[in-house]
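The values are calculated or read from the model by the stated rules, or taken from the named source; none is laboratory data. From a predicted model like this one, the values you see are computed outputs, not experimental measurements. Because the Cβ atoms are built from the backbone with ideal geometry, glycine has one as well, and the counts that use them run over all protein chains shown. We work out accessible area using only protein heavy atoms, side chains counted, and drop any ligands, DNA or RNA first. Shrake-Rupley method; radii C 1.70, N 1.55, O 1.52, S 1.80 Å.
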Amino acid sequence: MRSVTFDASSRRWLLRTPGTSYVVALADDDAPRCLHWGPALTAEQAASLPGPAASGASSFDSTAGEEELVSEVGARFETPSLQVVLPGGDRGIEWRHDGHDIDGGHLTLRFSDRRHPLLVELHYRVHEDSDVIERWTVLRPRVPVTVLRCDSAAWSVPALEGYRLSHVTGGWSSEHALGRTELAVGETTLTSRRGVTSHHANPWLMIDGGDAGERHGEVWSCALAWSGSWRVTLTRTPSGRASWTGGFGHEGLTWRLEPGEEWVTPVFAGVYAPDGYGEASRRWHDHIARHVLPRPDEPRPVVYNAWEAVGFDVNEANQRDLARLAARAGAELFVMDDAWFGGRTGDSAGLGDWWVNEERFPDGLSPLIDEVHRLGMRFGLWVEPEMVNPDSDLYRANPDWVLHMPGRSRTLLRNQLVLNFARPDVADWAHKWLHKLVSEHAVDFLKWDFNRAFTEAGRPGDPDQDRLWIDHVRAVYSIMDRLRADHPHLRIEACAGGGGRTDLGILARTDQVWASDNTDAHDRIAIQRGFSQVYPARAMAAWVTDSPNPLTGRAVPLRFRFHVAMAGALGLGGDLARWSEAELSEAAELVAVYKDIRPVVQFGRLWRLPYGVQYVHGDRVVVLAWHGPVAFGTPIAPLRLAGLDPDGRYRDEDTGAVHHGAVLMSRGLPPLTPNGAYASTLLRLRAC
Ligand code: DGJ
């Protein structure tokens, strides 16, 4: 079965994924319109879909509807996806279809403006092993063009009785807070103006008819592969339709394109799932594993990170001590966090001076690295390449390297400024020291941090300075790609003051992301639930830290902390020097258990349960369940499992008890009995 076909008589293209179809057609004015996004259709069924119809009922109405990219020309009053100013002041695109190309699963629809030499390409890509459809836009001007907006794609869903929007909001240490709200009639904008993906919103959404649940109901979802500022605007019309347009950059930016340039947007991908939010998530996870992550099949190591243990008080002795304890607990990768370099003894100095602090490491890093290797662990380092403290040699020598505007103050956040990576000399400097650091110190892992938003994002003298919002991110991607290519053993963790840089763009060149600086297992349950809506467990770094938690002061049992962190890529982050012998032994046992279940958690398929998660991989099933304090008498339902073979039997690998799949899914496991404030359990089942 071919994945992309064209029907010339009806001017429509049918894209097929294993379980879904997408149909795009040309209206009479050549504007590309979506006719279908949903269950699989045959070519015959697709041909029978009603054609694109003008929707305007009065002289005040839009004649557009379900457009693949909303232009400003004609009676179109929706949020534009494509806003351009052409020579003479003409705006928008008057679509003229020039042809198409089909290359396997990649469809390119080629258009040009009817009066100006501006070419616009709409790209679609489908895969044989994924239900995700990737879409992006390319502009090829032959005249100078000012771009006010160029989205990757606009998406629309069938007319539904209601529309419910799922998305996440949050802040530092409270990322990925999942909200499900009725989509308001009017426009709803999700955006970041911070130069980074952001903690406050994440560039994905799900839409359902208000009737979907974890395991039932149709869900349409989109996610943007971009790690800088972005905007997605959803529109629910008073006449009952819903659509959205999304892409990089936030409103108010303009970019000037010169003739001969190629302007390529990031991918804004979409997936349809007939069976609820859970299935939408699994489709995203499968896609990210198969087509986004650079090394999806590699088990993520158990990391020990010393940040919460020592903060900025790093020295060779305390790192050695922690490394020894981390190895004893079963860690496989030791990461030295902030403050190993320059004059960095707090957050107000030294950022940008990327040489080893000789007072803290008199013989350089080699003795520590050798010790970490001797203990059987790999070695990782924290870096924050895009930032500088004004109190640094780098800034004193290059004050013009930062984002700034001549008539504006330089706003300090966390006592630091943002280096302008859109400048090739600055990006080149960063690549050089990173390459040297990784080469000279045999660094296996970088935790790449980003701890403040953009402000005064200018470059004096640059007539097209808004481009830096895009070019900065492209430079970060390019440096990461080059480092990975030159150092095939190098693994990278994305971090932005916790989970501020989590998106499909960064996942294409990193191995995992730090989901949040909040390591309180109680809070983490909700953060991880939000994270899991789109992003897979293998990419979610999750540490067990101290109790009481240094951020929230909450005390929870070690087992509970482990059971929550085991739902992702488990790591340790506490001050192990203060853990008792009994705690260290219990931690070592639990790390060993995690290593046993790691393939199931990291490579399995996820089912979210009312108070836990379940992973299924081959013949193995892992259930992690937990809940916080509950009042006496609070009903706690049995945990009904999912995704099992109803005719199969499953042996509990710890007790030997055998359960029927049908019973586990219909009656469920006995409810967790609160034993003190925080109850948790881990169940390992194997088909028998
Ligand atoms: C923010 C990160 O999220 C933390 O884990 C830690 O690396 C600090 N930065 C270090 O400054």
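Taking the stretch 485-512 on its own, how many of its residues are closer than 18 Å to L333 by Cα and either without any contact (Cβ under 8 Å) to a residue 40 or more places away in the chain or not hydroxyl-bearing (S, T, Y) (or both)?
11
When you check D90 against the structure, is it in contact (Cβ under 8 Å) with a residue 24 or more places away in the chain and under 22 Å from L15 (Cβ atoms), yes or no?
The answer is no for D90.
Give all pairs with beta carbons closer than 6 Å in which a residue from the stretch 443-472 that is free of Cβ contacts under 8 Å to residues at least 40 places away in the same chain meets a residue that is open to solvent by less than 10 Å² (accessible area, probe 1.4 Å); count only pairs at least 6 apart in sequence or on separate chains.
These pairs meet every condition: Q465/G458.
For (1) open to solvent by 20 Å² or more (accessible area, probe 1.4 Å); (2) in contact with an Asp or Glu (Cβ under 7 Å, 6 or more places away or on another chain); (3) more than 20 Å from T108 (Cβ to Cβ), each residue gets a yes or a no:
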| position | (1), (2), (3) |
| --- | --- |
| S21 | no, no, no |
| L26 | no, no, no |
| A40 | yes, no, yes |
| S59 | yes, no, yes |
| G65 | no, no, yes |
| L69 | no, yes, no |
| E72 | yes, no, yes |
| F77 | yes, no, yes |
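Among P87, P117, P144, which is the only one that is in contact with a helix residue (DSSP H, G or I) (Cβ under 8 Å, 6 or more places away or on another chain) and farther than 23 Å from P52 by Cβ?
That would be P144, the only listed residue that is in contact with a helix residue (DSSP H, G or I) (Cβ under 8 Å, 6 or more places away or on another chain) and farther than 23 Å from P52 by Cβ.
Here are A184, A212: which of them is out of contact with any Cys (no Cβ under 9 Å at 6 or more places or on another chain), open to solvent by less than 50 Å² (accessible area, probe 1.4 Å) and part of a loop (DSSP other than H, G, I, E, B)?
A212
Read through the list (1) modelled with pLDDT under 95; (2) away from the ligand (no atom under 13 Å from the Cβ), then give the number of the only condition that A306 fails.
(2)
Being among the charged types (D, E, K, R) and under 22 Å from T197 (Cα atoms), is that true of even one residue in the stretch 433-449?
yes
Within the stretch 338-371, track down each residue that is closer than 18 Å to H435 by Cα and not hydroxyl-bearing (S, T, Y).
W340, F341, G342, L351, G352, D353, W354, W355, V356, G364, L365, I369, listed by residue number.
What helices (runs of 4 or more DSSP H), lying completely within the stretch 414-507, carry at least 3 residues that are open to solvent by less than 30 Å² (accessible area, probe 1.4 Å) and within 19 Å of A225 (Cα to Cα)?
So the answer is 468-486, 504-507.
Take the residues of the stretch 337-359 that are open to solvent by 20 Å² or more (accessible area, probe 1.4 Å), in contact (Cβ under 8 Å) with a residue 60 or more places away in the chain and not hydrophobic (A, V, I, L, M, F, W, C): which is farthest from W382 (Cα to Cα)?
S348
Regarding F334, is this residue within 16 Å of the ligand (Cβ to nearest atom), open to solvent by 30 Å² or more (accessible area, probe 1.4 Å) and not in a helix (DSSP H, G or I)?
no
Give the residues of the stretch 580-605 that are without any contact (Cβ under 8 Å) to a residue 60 or more places away in the chain and open to solvent by 30 Å² or more (accessible area, probe 1.4 Å), sorted by residue number.
S580, E581, A582, E583, S585, E586, E589
Restricting to the stretch 83-99, and then to whatever is touching an Asp or Glu at 6+ places or on another chain (Cβ under 7 Å) and part of a strand (DSSP E or B), can you tell me which residue is least open to solvent (accessible area, probe 1.4 Å)?
W95
Given (1) surrounded by 19 or more Cβ atoms within 10 Å (Cβ to Cβ); (2) over 20 Å from D449 (Cα atoms); (3) within 16 Å of the ligand (Cβ to nearest atom), where does G571 come up short, assuming only one miss?
The failed condition is (2).
Under 24 Å from P550 (Cβ atoms), within 12 Å of the ligand (Cβ to nearest atom) and open to solvent by less than 10 Å² (accessible area, probe 1.4 Å), is that true of A323?
Here the answer is no, as A323 does not meet what is asked.
Quick check on my filter: what residues within the stretch 101-122 are open to solvent by less than 50 Å² (accessible area, probe 1.4 Å) and not in a loop (DSSP other than H, G, I, E, B)?
Those that are open to solvent by less than 50 Å² (accessible area, probe 1.4 Å) and not in a loop (DSSP other than H, G, I, E, B): H106, L107, T108, L109, F111, S112, D113, L118, V120, E121, L122.
Of everything in the stretch 17-49 that's farther than 12 Å from T5 by Cβ and of a type in the set (S, T, Y), which residue is farthest from the chain's Cα centre (by Cα)?
The extreme case among them is S48.
Return yes or no: is P294 more than 16 Å from the ligand (Cβ to nearest atom), over 18 Å from V126 (Cα atoms) and not polar (S, T, N, Q)?
Spelling it out, P294 is indeed more than 16 Å from the ligand (Cβ to nearest atom), over 18 Å from V126 (Cα atoms) and not polar (S, T, N, Q).
How many of the residues making up the stretch 421-452 are over 16 Å from G352 (Cβ atoms) and within 16 Å of the ligand (Cβ to nearest atom)?
Number of matching residues: 4.
How about the stretch 632-680: which of its residues are under 32 Å from the mean Cα position of the chain (by Cα), surrounded by 18 or more Cβ atoms within 10 Å (Cβ to Cβ) and not in a loop (DSSP other than H, G, I, E, B)?
Within the stretch 632-680, L639, A679, S680 meet the criteria.
When you scan the stretch 496-505, do you find a residue that is modelled with pLDDT of 95 or more, of a type in the set (V, I, T) and within 16 Å of the ligand (Cβ to nearest atom), even just one?
yes
From the list R236, R256, which one is within 20 Å of L183 (Cα to Cα), over 23 Å from the mean Cα position of the chain (by Cα) and surrounded by fewer than 24 Cβ atoms within 10 Å (Cβ to Cβ)?
Just a single option satisfies the conditions, and that option is R236.
Select from the stretch 5-19 the residues that are surrounded by fewer than 21 Cβ atoms within 10 Å (Cβ to Cβ) and of a type outside the set (D, E, K, R) and write down the one among them that is nearest to S48 (Cα to Cα).
S10
Which one is farthest from the ligand (Cβ to nearest atom) among residues in the stretch 309-320 that are surrounded by 22 or more Cβ atoms within 10 Å (Cβ to Cβ) and outside any loop (DSSP other than H, G, I, E, B)?
Across the stretch 309-320, the extreme among qualifying residues is Q319.
Quick one: how many residues across the stretch 380-402 are in contact with a helix residue (DSSP H, G or I) (Cβ under 7 Å, 6 or more places away or on another chain) and either open to solvent by 60 Å² or more (accessible area, probe 1.4 Å) or more than 16 Å from the ligand (Cβ to nearest atom) (or both)?
Selection size over the stretch 380-402: 1.
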